[in-house]
There are 2 protein chains.
Amino acid sequence: SSMEQHNDGSRKFIEFPFVSAPHKDLMVGLVSTVENRLGSQLHTCTLPLDVQHYQNPSGSAQASLYIRSGIEPSLVDFILGSWIHCDLPTGGALNITSLSAYLSASTDAPNFLFELIRSSPTSVVLIVDLPPRKDLVLYPDYLQTFYENTQLESRRQSLAKLPEVQPYFSSSLYIRCLSSPTAIMVRIETKAGQPERMEEIIKDHVDPIAKEVLGIWLDQCACGKREVGETEKACLEKRDKLIKSQTVEIDIGSSFPRLFGPEVAERVVGVIREFYGV
Amino acid sequence: SSMEQHNDGSRKFIEFPFVSAPHKDLMVGLVSTVENRLGSQLHTCTLPLDVQHYQNPSGSAQASLYIRSGIEPSLVDFILGSWIHCDLPTGGALNITSLSAYLSASTDAPNFLFELIRSSPTSVVLIVDLPPRKDLVLYPDYLQTFYENTQLESRRQSLAKLPEVQPYFSSSLYIRCLSSPTAIMVRIETKAGQPERMEEIIKDHVDPIAKEVLGIWLDQCACGKREVGETEKACLEKRDKLIKSQTVEIDIGSSFPRLFGPEVAERVVGVIREFYGV
């Protein structure tokens, strides 16, 4: 059963102890959907315990990391889940939860990315995307297969219609380049006194859309066969690797030492680099 | 002088007879800036007269096209200016003005694109970009040179701050893929009774920003030397050509027959295809 696939490594991760019920339900739903569908293709999480759950020396920031690698000949390279909780000097807290899935170079199909960054009860940045693994300008057929035929744009638009939703632009231009044209990258802000409206948006809008996009990814990408020649495979490996090395540098490479101190950051980022192969 | 470079071909184009004074000033300013700087590298416009200015059988839609090719060894392939005016069944008019510049495969530097689509006195879609000619994911140095070091993002942000400005998403996913991460792609809407506020935004915000972006393009792209090897040159040619052929198909290939009737559309699109080499 799906529960048996969870070794000890999943316990702390799947608790999501610091987020609201709808936010936790959403994350647990995404993780269990992936594991129910792909679990038999995945190794259990064998990360060291002090990487599965870690914190900074003062305890004001803590986090969990969960990684399961694909078992050959699975198309899945690995799935990576994480949450980060960090007390803010202003009294509130920052909570980030994410689930991403990376495919191997045996397929050129897009990866999956979900991230919810909650900097206050009324403010969220949401990212849901199937990041492409090829230059979409050069491969219109690929664009059509994974982005047009799947109607991903309709999901982006349905969320964009909410008055609380505004487009979000990453401060990193490189990160912007990684997203697909149907990426959901939005800031959701509810009125200062309305955290319950945010919970409603997460439950009624973010949750179903995230599950739909994940379903598309599972059907069309993780489980769909694609022909990939040797030259193309080499290109995919090069591109995947470059993206991972740039992402580590831009994203966690700078924020983790700040959040968790240099020692913990080095330990955790080292493990992530290992899985990324960079 | 710059006026002598205008042969007869430029006269109808540079009139911009259907747009407001600030809109015309902006366009004339952009065209004359390009021609003052690059004019000596460009052939005069030798398009047939019935392509320089054309209209549909009923006269409800008319337009002008202006193309000047680069003279070897200029890095400029060609510059293309156009305006389109079209009476709307609702009583108003649609006015599109654009200026784009395409570089040759002797450089990999970005192209220039400016487009102002005015569907009513209070509603505009604005596109200002230096469309990249390489996959930015694979070339972070290129991203840094042309997009980070040039501070293009600050121009995008200064416009995005205006309350009348909202991000604009092209209905074509392929067109979205062509833009840079600092592309200005916005919809500007002023209140129904405030066309004069739109004129103010065009004069005080769009005009200076468009000129700054054009200045960056002239300094860093049109006049900057880049090393391009033979293999890379072939890649650039392939990518440039694919973009042009897709763009013709998506954009003018479908709208021109509708606007101008099949015969006129065929004539004009044929000429554009010739310059595009597709």
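Every number here is computed from the coordinates shown, using simple stated rules; none is lab data. Just so it is clear, the model here is predicted, and its values are computed rather than measured. All Cβ positions, glycine included, derive from the backbone under ideal geometry; neighbour counts span all protein chains shown.
Quick notes on this structure:
- Rounded to whole numbers, the Karplus 3J(HN,Hα) couplings from phi for segment B:162-167 are 5, x, 7, 9, 10, x Hz, using 6.51 cos²θ - 1.76 cosθ + 1.60 with θ = phi - 60°, and x at Gly and Pro.
- Ranked A:C45, A:C223, criterion: other C-beta atoms within 10 Å, fewest first: A:C223, A:C45
- The Cα atoms of segment B:156-259 give a gyration tensor whose axes a ≥ b ≥ c have a/c of 1.5 or more with a/b no greater than b/c, which makes the shape oblate.
- Hz values of 3J(HN,Hα) by residue in segment B:252-257 - Karplus curve (6.51, -1.76, 1.60), Gly and Pro given as x: 6, x, 9, 7, 5, x
- Once the C-beta distance of A:Q157 and A:R37 is scaled by a Förster radius of 25 Å, the resulting FRET efficiency is 0.40 to the nearest 0.05.
- Listed residues B:Q41, B:G253, B:V28: farthest to the positive end of the dipole of the protein assembly as shown (Cβ charges): B:V28
- Considering only B:L178, B:Q220, B:T231, and ranking their Cα positions along the charge dipole of segment B:144-255 that arises from unit charges at the beta-carbon of Lys, Arg, Asp and Glu, the one farthest toward the positive end is B:T231.
- The residues neighbouring B:V213, those whose beta-carbon lies less than 13 Å from its own, together hold a net charge of -3 under the Lys/Arg +1, Asp/Glu -1 convention.
- Sequence of B:E35, A:E200 once ranked by neighbouring C-beta atoms within 10 Å, starting from the fewest: A:E200, B:E35
- Phi-derived couplings, Karplus 6.51 cos²θ - 1.76 cosθ + 1.60 at θ = phi - 60°, listed residue by residue for segment B:262-267: x, 5, 4, 4, 4, 4 Hz, with x used for Gly and Pro.
- Shortest-first nm distances, A:P257 label point to equivalent points in other copies (7 Å, Cα→Cβ): 6.0
- Length-normalised contact order for segment A:44-130 - Cα pairs under 8 Å, 6+ apart - percent: 19
- Dipole moment magnitude, nearest 20 debye, chain B about Cα centre, only Lys, Arg, Asp, Glu C-beta charged: 300
- Basic side chains Lys and Arg get +1 at the Cβ, acidic Asp and Glu get -1 at the Cβ, and with that the dipole of the protein assembly as shown about its Cα centre reaches some 300 debye.
- For A:L259, A:L94, the sequence from fewest to most other C-beta atoms within 10 Å is A:L94, A:L259.
- Within segment B:120-142, backbone nitrogen closer than 17 Å to the virtual label 7 Å beyond the Cα of B:R197 toward Cβ: B:120-125
- Note on B:S60 and A:L242: with the Förster distance fixed at 51 Å, the Cβ-Cβ geometry gives a FRET efficiency of about 0.50.
- Per residue of the protein assembly as shown, the DSSP helices (runs of n ≥ 4 H) give a summed -39500 (n - 2.57) that works out to -12000 deg cm²/dmol at 222 nm.
- What you get for segment A:1-133, charging only the Cβ of Lys and Arg (+1) and of Asp and Glu (-1), is a dipole of about 180 debye around the Cα centre.
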